[in-house]
Each structure stands twice: as structure tokens, then as C-alpha cells.
Amino acid sequence: MSKSISKKIISWYCKYQRNLPWRNYKNLKDRQYKVLVSEFMLQQTQVNTVIPFFNAFYKKYKNIQSLSKTSNTRILKSWQGLGFYRRAKNLHATSKIICQKHKGIIPSNYKGLITLPGVGDYTAKAILAIAYDKPFLGIDGNIKRLVSRIFLLNSSKNFLNKLKTKVESLIINKNNSELMQGLMEFGALICKPNNPLCTKCPISNECQTYKKGKLNIKKKFKKINNKNYFVIVSKKKNKYLMTYKHELGPLKEFINFPIFVKKYSIKNSIKKFKFNNLKYIKKIKIPISNQNCNLFLYSASTTNKKLIKDYMYVNKNQLEKKFQSSFVKKIMEAIK
Ligand code: SF4
């Protein structure tokens, strides 16, 4: 049964696949490079969000060599807006290793791929299947949902082992690239999380969940956390006090306003910077993934000419050239 499902998925995919930029390539090397970049970008991000970033990124870095030769800051700047910046750093580190240790060729075996920064089990298998047409299938969220429904697997004991076995039973010797992409595409467009299109589904005859009427859709609600931050906005002759030592996440590459997680840090900074006054301006909200950030903005001024280590006054033009988080732009808009 599994092989007939695979064949149906492949023929569906050949007919209905979306025209995505990483699916168009000049040659095999270009295809492998595009698959690598797109797989990094697609980790935790949806296809439609990735498309414009992928296009702009590919325009700048057309192959693994050009990617490896550029600076970390430039890569991060090109990634700006896509979020989860660790992926950009990992992709850059991976491109360097590929150029230094693999003569610029993306490894075509699991052992070679899995040791690269940012490449886990799923990404390694996806690259092998999609870029090299090898008999592997990575399990992403779409494939997990689709296969669980086809074989009526419930999340009971041994679910992951059962899922793995069923996914592996779908592997075929030919056209595995189309199969992997087809399964993901089918999960995204037909066997959707909340409203699967069962009446239009070409594998409904094989689908155990559909045949037994067991489709049970539970909507998942993301828990949103609120987090407070305290921000100092200090302006001196069109320049703003900025730092890389803020308390907003672990990424030091972001330049930002001085941001603190504790309110007393704002008070302490009066002494540190010799601020003459500290005035509350307003509160703004910035949502990021599953967090609502409440930013309490304070204005402050100082006549102190000496700057403290790790802090600098930067004008808007200089800021544009740096790798700044979206927070900087939103704070700037709020204080206009
Ligand atoms: S019949 Fe419905 S639940 Fe089953 S695979 Fe098709 S779309 Fe998914």
C-alpha cells in the first residue's frame, strides 16, 4: 500500500507543486546550494515568509563560495527580518566548512552532513532526498501529520518509532526528491492541519483516518508570554546611545538601545552615565514569536562627555549600516 501512496503523491506533486524559487535551478550544483539555503531558512518559518528573503539572499550570494567569503555581519544583515538569527550564523559556518573541508561540495552522505553546524537529522535527510535524490525522508511537521493520518497513528506509546517505520515504508528507489517535496507540499496544501481537503484527496481510499471517520481536529493555541523590558532613549546632537551589551536575547551582533530586564537597572544607569534626568515616555508592545514584549521607554540626557565602555552614540545613517534588531526601528517610530 505504501508504495502506491508514494506514487500517487509524486504524480500529484508533479501536477500541482508551487513554483518556489529554490525549485528552479540552473544545474545540479545550483540545486544543491538552493536546497541548503532554503532548508536553513525554512526551519521554524513558513514558505511564504521565506520566499522574498530567499530571493534577496540568492541575489547577493549565488553559490557556496560567495557565501563563505562574506563576513558574518553581512550575512546577518541579509537575514535581517527573517528572525532566528542562529540559523544565519550556522549557515555561514557551514558554508565555510564545506569550502575548506569538502572542496566546495555539499556532502552527499548523512555522516558528512550531520556534523555541519545547524544540520540536524531532519535537515540532513531533507538535503539528501531533495538535493541528491537519495532514499531518505526527513520528518517535518507536514509529513508527521500526513503520515499519522494515513496510517491512523495516534500519539500513544511508541508513536515516534511507529511514525519512523511508516515514513520509511514510503521510500522508493526512484524520484525520492519529488516524493519528499511532494509529501511536504501535500501536507501543506491538502492534508492541512485544521481543514484537510479529504473530498479532493487522491489518497483518501488509502487513508485509514478518513476511511474510519476518525478525523479529530484539535486546534492548538499558542501560549503567549508577556515580558517587560526597560529602555533608555538618550539623544545627543542627533545621535542615540546604543550598545551591543543590552539584555535583549543572546545575540551580540544586534546593536540596540540600552535595554534592561529589571527596572532597577534603569535607576542604576543614572549613576553610571551621570544622567541629569530620567523621564518615563511611554509603553510600546512588540510581539515576537510567542512573546509579547512590553517596552517601557525612558528618556535621559547627560552632559557627561566620557562614554562608558561598550556604549556609543550613533546617528541614523550609521545605524543603517549596522546589524540592528527590528526593535530599534520600532522604538525610533514610537519616539518620533
Ligand atoms: S483523506 Fe483527508 S486526512 Fe486522509 S490524507 Fe487525505 S486529506 Fe489527509
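Just one of Ile127, Ile139, Ile171 is surrounded by fewer than 22 Cβ atoms within 10 Å (Cβ to Cβ), in contact with an Asp or Glu (Cβ under 9 Å, 6 or more places away or on another chain) and within 23 Å of Arg23 (Cα to Cα); which is it? Break it down into steps so the answer makes sense when it comes.
Details: Ile127 fails: surrounded by fewer than 22 Cβ atoms within 10 Å (Cβ to Cβ); Ile171 fails: in contact with an Asp or Glu (Cβ under 9 Å, 6 or more places away or on another chain).
Only one candidate qualifies: Ile139.
Is at least one residue of the stretch 130-141 closer than 19 Å to Leu28 by Cα and either under 21 Å from the mean Cα position of the chain (by Cα) or polar (S, T, N, Q) (or both)?
Pass one, the stretch 130-141, residues closer than 19 Å to Leu28 by Cα: 130-136.
Adding the requirement that they be either under 21 Å from the mean Cα position of the chain (by Cα) or polar (S, T, N, Q) (or both) leaves 130-131.
Taking every residue of the stretch 130-141 in turn, at least one turns out to be closer than 19 Å to Leu28 by Cα and either under 21 Å from the mean Cα position of the chain (by Cα) or polar (S, T, N, Q) (or both).
Could you say whether any residue in the stretch 140-157 is acidic (Asp, Glu), on the phi > 0 side of the Ramachandran plot and more than 10 Å from the ligand (Cβ to nearest atom)? Give the derivation first.
Our first condition is that a residue be acidic (Asp, Glu); within the stretch 140-157, this holds for 140.
Then drop every residue that is not on the phi > 0 side of the Ramachandran plot, which leaves none.
No, the stretch 140-157 contains no residue that is acidic (Asp, Glu), on the phi > 0 side of the Ramachandran plot and more than 10 Å from the ligand (Cβ to nearest atom).
Could you check how many residues of the stretch 200-257 are within 16 Å of the ligand (Cβ to nearest atom), at pLDDT below 90 and aliphatic (A, V, I, L, M)?
So the answer is 2.
Search the stretch 283-320 for residues being among the charged types (D, E, K, R) and part of a strand (DSSP E or B), and hand back the single one that is modelled with the highest pLDDT.
Top of the filtered list is Lys283.
I'd like the full set of residues that are in contact with a Leu (Cβ under 6 Å, 6 or more places away or on another chain) and either without any contact (Cβ under 8 Å) to a residue 40 or more places away in the chain or of a type outside the set (Val, Ile, Thr) (or both), limited to the stretch 1-35.
Result: Ser2, Ser6.
Is there a residue being in a loop (DSSP other than H, G, I, E, B) and either among the aliphatic types (A, V, I, L, M) or more than 22 Å from Lys3 (Cβ to Cβ) (or both) anywhere in the stretch 173-189? If you could, list the steps in order and put the result at the bottom.
Within the stretch 173-189, the subset in a loop (DSSP other than H, G, I, E, B) is 173-175.
Filter once more, keeping what is either among the aliphatic types (A, V, I, L, M) or more than 22 Å from Lys3 (Cβ to Cβ) (or both): none.
Within the stretch 173-189 (the criterion being in a loop (DSSP other than H, G, I, E, B) and either among the aliphatic types (A, V, I, L, M) or more than 22 Å from Lys3 (Cβ to Cβ) (or both)), the answer is no, since none of the residues qualifies.
Among the residues of the stretch 181-198, write down those that are of a type in the set (A, V, I, L, M), more than 20 Å from the chain's Cα centre (by Cα) and more than 8 Å from the ligand (Cβ to nearest atom). Working first, answer last.
Taking the stretch 181-198 as the starting set, the residues that turn out to be of a type in the set (A, V, I, L, M) are 183-184, 188-190, 197.
Applying the additional criterion that residues be more than 20 Å from the chain's Cα centre (by Cα) yields 183, 189-190, 197.
Leu183, Leu189, listed by residue number.
The values are calculated or read from the model by the stated rules, or taken from the named source; none is laboratory data. Being a predicted model, the structure only gives us computed values, none of them experimental. Every residue, glycine as well, gets a Cβ built from its backbone with ideal geometry; the counts of neighbours run over all protein chains shown.
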